[in-house]
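Data block below; observations after.
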Amino acid sequence: MRVGVPKEIKNREYRVGLTPDSVREFVSHGHEVVVETAAGHGVGAADQDYVDAGAKILATAAEVFETAEMIVKVKEP
């Protein structure tokens, strides 16, 4: 399954749907993960942290929603 993690857009929302450790767990079970660029900045996770965990970084939320079969977010879209 391809899992997508868009950047949160609500005011004062700094959390992220999946941390790099969570991405690593998904990938270890055979899933693909796509993450919008800068999605983890609010929790101190750089794009490279996600890449190192096995995720692919996409430029926009639209790309994440278009590519993923399942979306993981903190707040509703």
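Can you tell me, using C-alpha contacts under 8 Å and at least 6 residues apart, the relative contact order of the chain as a whole percent? Please report the intermediate quantities before stating the final value.
Values: 152 pairs, mean separation 34.3, N = 77.
Relative contact order, the chain: 45 percent.
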query = Taking the chain, which trypsin sites (Lys or Arg not before Pro) meet the DSSP loop condition and have no more than 15 other C-beta atoms within 10 Å?
reply = K10, R12, R15, K75
message = Give me the one-decimal nm value for the distance between modelled label points at R2 and D21, 7 Å along each residue's Cα-to-Cβ direction.
response = 2.9 nm
task = With only alpha-carbon atoms counted, please give the Rg and Dmax of segment 2-71, in Å.
result = 10.8, 34
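Throughout, read-outs are computed from the coordinates displayed, never taken from laboratory work. This one's a predicted model, so the numbers in the text were calculated from it and none came from an experiment. Here Cβ is always computed from backbone atoms with ideal geometry, including for glycine, and neighbour counts include all displayed protein chains.
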